[in-house]
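One structure is given below, encoded as structure tokens.
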Amino acid sequence: MFKDNWIQALAEFEAKGTPCVMVTVLEDKGSAPRGAGTKMLVSQNEVIATIGGGHLEHVAMKTAHEMLARGESDMKIEHFNLGARLGQCCGGMVTLSFEPIGQQRHALALFGAGHVAKAMIHILATLPFNVIWIDEREDQFPDVIPDNVEMRLTDDPVGEVSTLPTNSMYLVLTHNHQLDFDLSRAILKRGDAKYFGLIGSLSKRKRFDYRLKERGFDDETINTMICPIGMDAVKGKHPAEIAVSVTGELIACYQGEQIANKREPSSHSASQKQAEKLSILKREPEDNDNKNNEKIRA
């Protein structure tokens, strides 16, 4: 059912950070369902008020939903002839404006409260993210966190994976190699990550790939894991530099760019692959492979 009080609804959307599109009848000529000035709000899950119903309203709602899905921020104006082509018999003409209000926010689960995560939080505070920051160590969280960050102190970080919103973005930056692996398994098992980045080097990536395959994950699923993480063009070992690099990759992702999985080209012979597999098996899972900035360290 349509609600009539779009002003109150708009205030509620803004308070919750819910993006929407305001559809306004700018001009009407001849016979039209509603007059100039009539408004309707369209969010991802709600429609508030009405511009007259019928196929015109259906088309307007579809346009608004497409703008929300693409994260558009510029207003657009469209003209509609209310004839047979539009499925209306009014015979008039209507001009509608579509004005995006608010910015779509992206759910980001950030595992680990180390140096890189702390540096990232300050940057993420300025971007359209709702961050769920998860760690086992209470003393690692800062005293003050941004408004768009929810802190979760838990003894079971892996268990938190099942509680997160659909199509979330995930960053695994923990201090524990085995925890990284267990989180990776849980995230890949969900299979709905918009982005999944794991801190580490190519050698860590190879070990995780092998262990994941041993547990039944196929290549297509494993390839959704980004490791190493961060933009190749941004170099440096300082946590702030790494934070900028990784945040840039997150921005590219929500802007619709395809993020490469950063595997090395496969040019090894069968014997070389077997030797590499044996080498991986000999290493302890807890071996810290990030000492020399094998791209990024938490």
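The values are calculated or read from the model by the stated rules, or taken from the named source; none is laboratory data. All figures in this text were calculated on a predicted structure; none of them were measured in a lab. Cβ: placed from backbone, ideal geometry, glycine included. Neighbour counts: every protein chain shown. Please note that ligands, DNA and RNA were not included when accessible areas were found on the heavy atoms of the full protein model with its side chains. Shrake-Rupley method; radii C 1.70, N 1.55, O 1.52, S 1.80 Å.
Distance between the modelled labels on Gln8 and Ile77, one decimal in nanometres: 3.3 nm (7 Å Cα→Cβ projection). Of Arg105, Arg137, the order by accessible heavy-atom surface (1.4 Å probe, DNA, RNA and ligands excluded), from most exposed downward, is Arg105, Arg137. Run the paramagnetic zone check for Lys235: 7 angstrom along Cα to Cβ, then residues of the range 170-208 with backbone nitrogen under 18 Å. Within reach of a label on Lys235, which here means backbone N under 18 Å from a point 7 Å along Cα→Cβ, the range 170-208 contributes 202. Cross-link pairs exceeding 23 Å between alpha carbons, from the set Lys194/Lys237; Lys194/Lys262; Lys194/Lys235; Lys118/Lys262; Lys118/Lys237; Lys39/Lys62: Lys194/Lys237; Lys194/Lys235; Lys118/Lys262.
Pro19: net charge of surrounding residues, Cβ under 15 Å, Lys/Arg +1, Asp/Glu -1, itself excluded? Overall, the nearby charge balance is -4. Under 16 Å from a point 7 Å along the Cα-to-Cβ line of Leu153: which residues of the range 121-145 have their amide N that close? Of the residues in the range 121-145, 133-145 have backbone N under 16 Å from the label point off Leu153.
Computed 3J(HN,Hα) for the range 14-19, one whole-Hz value per residue from the Karplus formula 6.51 cos²θ - 1.76 cosθ + 1.60 where θ = phi - 60°, is 5, 5, 8, x, 8, x, glycine and proline marked x. Accessible surface of the range 16-101, 1.4 Å probe: 49 percent of it comes from carbon and sulfur atoms. Estimated from the Cβ-Cβ distance and a Förster radius of 25 angstrom, the FRET efficiency linking Gln140 and Glu214 is about 0.20.
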